[in-house]
Structure formats: C-alpha cells, structure tokens
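Structure first, then comments.
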C-alpha cells in the first residue's frame, strides 16, 4: 500500500507554505534569472553568484536577530537589473532546536503511546554519570493526546477510528491553542487511513500540520514521532522567517524566486521547505560538503574529508567518491530520521571563547563571541577568541583581512588579552596563551575528524583534507600532520565554499517506504521493481507539481539487515543486492553471517534534477594587495620565524612555493608551516603537501 492515497493528498502536505507563496510568483524555469547562493553563518553571510560564466563572492556580517536583514543588505550591495533565483542555506532550523525557541506543539497519537517521545529508547546518554541533564521532549505531557484506534503492522484495521472521538479531539486541541499539530499513529506507514481522517478534521483550524505518513512513512514509532514533532516545532518559525525573507527579496527584485538547501545535499522549492523544515536542519553545512566534494573532484581527488571551520562551529564529513546521506541522526539530542549528510559538528570556530576552568586548565569553546560582539580584534569584543589568538601569533595579518576591506585591531587585542590574563591570575605571556588556544582548539577538531574517519572504519591517510570556512586554512596543515593526512586542499573562495556548494547543488527529493520483507531464498526483484516504480511516479508528480523541468535521475537503495538484527545497512539497489550487503556488512563490522536470512526493511528513492550551473566555472580574481610579497614574524611550532606573506591571487598557477607562509585572500587566510610545499593547480585550488620526503 502506498504511503499517500493520492497525489492530491500529497499536495495537502504543502498547505503550510501557502502563506509564503502569496509573496512569490508561481515558479517557471527561466534562464534569465540571476542565480545567487547565500549561506547564513554565525559571523558572516556569504553570497556567491555567476556573472558572465565566472563566480563572484561577497561577505557581509550576519544579523543574528533577523538573518534576512543581512541577506537584504547583501542583495543591495550586489546590485542587479533582473529577477533573481535565490538559493539559500539557512541556520534558522538548527538554531531554533539548539535554543529551544520553536512552536508550542500538540501531539496526536494512538492511545497508550502518548509518552513515546518521553520514554525514547531508554539509552543512557552517559553510562557512568548519574547526574546528567535529561533532554526534555519538545511536547509537554499536557499537549499529548491519544485517540482510540489501531492499525496492525500489515495495514489491516484492528480498531476503527470513531468520528465522534475525533470531533472531541479537535475541540480539545482548539482549547489548548497550540501553534502547530503533529500526528503520528501506530503503523500509519502501512495504512494512512486514520491519519488522513484526523488531518482532514484538524485542517479547518488553520494550524500547520505535520502528518507522519507524509513526512516519514517508516517504522520505529519513537524515531518517526520524534521527527514529526521536530517538523511541527519548526514549521511556524520557518514559515515566518521565509515569509519575511520573501518580502525583502520581492522589494528588491520582483518576479524572483527562493529555494532552500536541504540537509540531504540538494535544493528544494520554498513551499517544500516551509512544510517540511525538518529536512533543512543542516542546510548550510550540507552545502559545504557538496562544495568540498566538487572542488576535490576538480583537483583529481574523490576521497576527501571536508573541514569547515567557521565563526561558531566546525563541521567535518567524509566523502568516499560520492556524497552520501545518512537516514538517521541526532540534532540537539533529538532523533531525526530524514536524509541528512553525515556531518559531525563541534563547538570550535574562529569566535570560540577561551577561558580557564576551576582547575586552571585552558578551555576553548563551545561558547562563541558570534557576530556580536565578535572577537576582540573586530573592535567590540572583550573576551579572547581563536581569531584573536591567530592574530597574536601573526597567522592573521591585520591589514589583509577581507582583502583589506576590514583592518583587524592588533593593538587593542594585545592590550585587552594582556589585561584579561592578569585578571585571571595567569603567568602566561600573550604569545604562549595564544599558542595554547590554538593547540586546544586543534585537539577538539582532530577528535571530530577521527569520529567521521577512524571511528567509521576509514583510514584518514587515504584521504585528502579539504579545508574551508573563514578559519579552516589557519588550522588545516597542523590537523593533517597530526592525522598523517598527506595533503590539504584550500579551494578557491574557501570562506564561501558552503555558498558555492549550494550554487551547484542539484534539485533533490527523497522518498522512503517500510516493507519488512523476510528473504529466505532469492531477492524478490519483481516486487521491488513494482514498489520503486510507484515511488518514481510519486517523485515525478511532485517535481512537476513544483514546476521543475529537466530530466529526472533516480537512485534506488534498500535498508537491509540479517534477521534478528536491530539496525540496517543502506545498500544501492542492484541485482547483486544480497552480495553487496554481505560485503558492506563485513567492511563495517568485520564479519558476516553466511547463510542467515536477510530482511529488506525500508525502500528508499532519491529523485534529482542535475544543476544547470556549469561546475567548471572559475572565480573572478579578487582584489590584490598593494604588497604582493613581504616578510613578517609568525609563530609556528613553538618558534617565531620570518614568514612570507603572499597574496593568493598573485601566485602563478603551477609554480611551487615553500613554507613557512601566510597566504591571504578576500574570504580566508591560510597558514603553511615550515617544510611544506604548496602551489595553485589548474582548478584554482591551493594544494599543500603535508607529508613530503623532507618531513
């Protein structure tokens, strides 16, 4: 049985986006639109766009209280004389979850299962900590409502849904006055009849609805309910934000369009992002992974570890030839079972605050100075940050920051850090303190890289580190050396690679369906083909319904496990599905169960329309510094040594240079330690050999 009874029923899932559509015209693919990708970060908002086949870049300070204001400021600075197609990576969903500032949600579920989101899986977050803070569910007990109904695991109706009970439920919910409603009934993925009936009676209340068989038609009631609740929690916030953004864009460019980056690594229509914001919680970081994979491919490396160090956090991910999305993750301690790129985030960024704990040990992060007040060297901050440490060590050059558009205040930083150290009673000199800050933050980021590589069964020595973000190049070489990664790539426009990734991303739709088929003999390929055909038809209808044109590509996969196992491996679908599963099981866990029955658990389909942006477009050279090459004293490896300060845009393609060096450009700065060789390749990327014969 399909998870949607009809295409019209699927369309109702987009009802919550109609508020936004009042401000945006119906989408039609038009090449006259200027494509602008914008990634909102904690400190900067990055804008990347194509101009006569070349990539342009603009960075403006973020406006945390209203992120759309920074976007409006950027559009005004760019200036344009035609409608735009705005591709947006947003942190609104992430920040809403982290700060617990979402909607007041009512949850409707099968009677007796009201406390599923409270019970969870009963896993202890910390095995030996008896005083850990338990993560509170997003829906309080008084807003959880059970209805008497029951669908069996095979989709048959065991207990009917009484109309009078649903009427009473609607009245109770109306009196509770929630901002949004989530509906998640037991086994609704097998038969959505009861959920559809409840949704129909609740729809006149004109509240955003999140219905589980539309958002996540899969088994595991806890994860499904949690995902649907998160979606409802974000809906009003995301609607308000996107509606506000749409107004601002419309004021500056009529007949323009907005698209949103998903956590899965593809863009989607505005209405889809409004109705299913749970798919956007890793929107910005996903763009970085896509961009890193693309730039690595241009330089001939398809096995990369992406390292995105921004102002507030660092995001790392491993790409083994292709960007793959995981189907389950936790964000702010809450399970979310929609496709997300496997990104590990730690609270370590350029704005991370340094402090001494009660034992006198130096700590860095996760607290951040953010865009306001920012680091000390920006002119307003009063607490030392990682950016301040890099400035004090000479790795950041005050006059070359943002291409010379913004001068860092070195004198103020030295004075305030010195006073701060005296108040802390620390005997450290300013330079030793700054070096310690860098070592501490590096250890945090090194552990993050190990999580996505060593702890996943991958050897980091077989990968290339692609470092980006405003601060990534300052720390990449030391991290690569610590992990024996042979080379580092600093891509073109490193401070805005997430925006570049959004610019070249494909249109993506993901679908799933739990089947729970036991396989004792041959794989039932005919049944699988029929199921995937239904999903492809649904995907095509949705894509055309949103106005997308172009050829649609489909990627099918199956979650497979041995009978009796509790978790699955996702395997690309082929005629050799069983053998591929056993091979992947052996790679992941070191063994397999030859002869044991398999279970096909969930079918997955990804439908995508390839981006029409030429991936070979190169950036326009940024403004050059007045002094192309000079010497400065920079701290490396416990010593302060004479170091070349080079303008990246003045370096000749293919010419090899030797470290130590500090390489400056508009969007980032790169620190190259001694005895490292580096050059600009034909793709415009900066290649740094970390492991050389002389090391």
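The values are calculated or read from the model by the stated rules, or taken from the named source; none is laboratory data. Since the structure is predicted, the reported quantities are computational estimates derived from the model, not experimental observations. Cβ: placed from backbone, ideal geometry, glycine included. Neighbour counts: every protein chain shown.
Table for the structure above
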read-out	value
Qualifying residue in the stretch 83-97 (condition: over 25 Å from the mean Cα position of the chain (by Cα), closer than 30 Å to residue 255 by Cα and part of a loop (DSSP other than H, G, I, E, B))	yes
Selected residue (only one of 534, 478 is assigned to a helix (DSSP H, G or I) and in contact with a helix residue (DSSP H, G or I) (Cβ under 6 Å, 6 or more places away or on another chain))	478
Selection count, the stretch 205-226, where residues are out of contact with any strand residue (DSSP E or B) (no Cβ under 8 Å at 6 or more places or on another chain) and touching a residue at least 24 places away in the same chain (Cβ under 8 Å)	4
Residue check, residue 418 in a helix (DSSP H, G or I), at pLDDT 90 or above and outside the structural domain of residue 671 (by TED's automatic domain parsing)	yes
Residues that are at positive phi and assigned to a loop (DSSP other than H, G, I, E, B), drawn from the stretch 376-415	379, 394
Some residue of the stretch 488-498 being in contact with a helix residue (DSSP H, G or I) (Cβ under 9 Å, 6 or more places away or on another chain), within 30 Å of residue 599 (Cα to Cα) and touching a residue at least 24 places away in the same chain (Cβ under 8 Å)	no
Residue 74 vs. criteria over 30 Å from residue 225 (Cβ atoms) and either in contact (Cβ under 8 Å) with a residue 40 or more places away in the chain or surrounded by fewer than 22 Cβ atoms within 10 Å (Cβ to Cβ) (or both)	yes
Hits in the stretch 59-76 - residues which are touching a strand residue (DSSP E or B) at 6+ places or on another chain (Cβ under 6 Å) and not in a loop (DSSP other than H, G, I, E, B)	59, 60, 67, 70, 71, 73, 74
Total residues in the stretch 627-649, condition at pLDDT below 90 and either outside any strand (DSSP E or B) or touching a helix residue (DSSP H, G or I) at 6+ places or on another chain (Cβ under 6 Å) (or both)	5
In the stretch 309-324, the residues that are touching a strand residue (DSSP E or B) at 6+ places or on another chain (Cβ under 9 Å), outside any loop (DSSP other than H, G, I, E, B) and surrounded by fewer than 24 Cβ atoms within 10 Å (Cβ to Cβ)	318, 320
Count of the stretch 21-58 residues which are assigned to a strand (DSSP E or B) and either more than 20 Å from the chain's Cα centre (by Cα) or at pLDDT below 85 (or both)	11
Filter result (over 16 Å from residue 182 (Cβ atoms) and modelled with pLDDT under 90) within the stretch 95-105	95, 98, 99, 100
Filter result for the condition that a residue is surrounded by fewer than 24 Cβ atoms within 10 Å (Cβ to Cβ), under 30 Å from residue 81 (Cα atoms) and out of contact with any helix residue (DSSP H, G or I) (no Cβ under 8 Å at 6 or more places or on another chain), over 255, 272	255
First in the stretch 519-537 and over 19 Å from residue 579 (Cβ atoms), second anywhere and surrounded by 12 or more Cβ atoms within 10 Å (Cβ to Cβ) and at pLDDT below 95, Cβ under 6 Å, 6 or more apart	534/2
Residue count, the stretch 437-474 (criterion: assigned to a helix (DSSP H, G or I) and closer than 20 Å to residue 299 by Cβ)	6
Residue 274 in contact with a strand residue (DSSP E or B) (Cβ under 8 Å, 6 or more places away or on another chain) and outside any strand (DSSP E or B)	no
Residue list for the stretch 557-578, filter: within 21 Å of residue 607 (Cβ to Cβ) and over 27 Å from the mean Cα position of the chain (by Cα)	574, 577
Identity of the residue in the stretch 664-673, over 17 Å from residue 308 (Cα atoms) and at pLDDT 95 or above, that ends up nearest to the chain's Cα centre (by Cα)	672
Enumeration of residues in the stretch 644-661 that are surrounded by 17 or more Cβ atoms within 10 Å (Cβ to Cβ) and within 15 Å of residue 677 (Cβ to Cβ)	644, 646, 651, 657, 659, 660, 661
Complete set of residues in the stretch 520-566 that are in contact with a strand residue (DSSP E or B) (Cβ under 6 Å, 6 or more places away or on another chain), within 22 Å of residue 597 (Cβ to Cβ) and at pLDDT below 95	563
Selected residue (criterion: modelled with the lowest pLDDT) from residues of the stretch 608-626 that are assigned to a strand (DSSP E or B) and closer than 30 Å to residue 554 by Cα	618
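Results for (1) under 26 Å from the mean Cα position of the chain (by Cα); (2) more than 13 Å from residue 229 (Cα to Cα); (3) at pLDDT below 95, shown as yes or no for each residue.
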site	(1), (2), (3)
107	no, no, no
117	yes, no, yes
122	no, yes, yes
125	yes, yes, yes
130	no, yes, yes
137	yes, no, yes
144	no, no, no
154	no, yes, yes
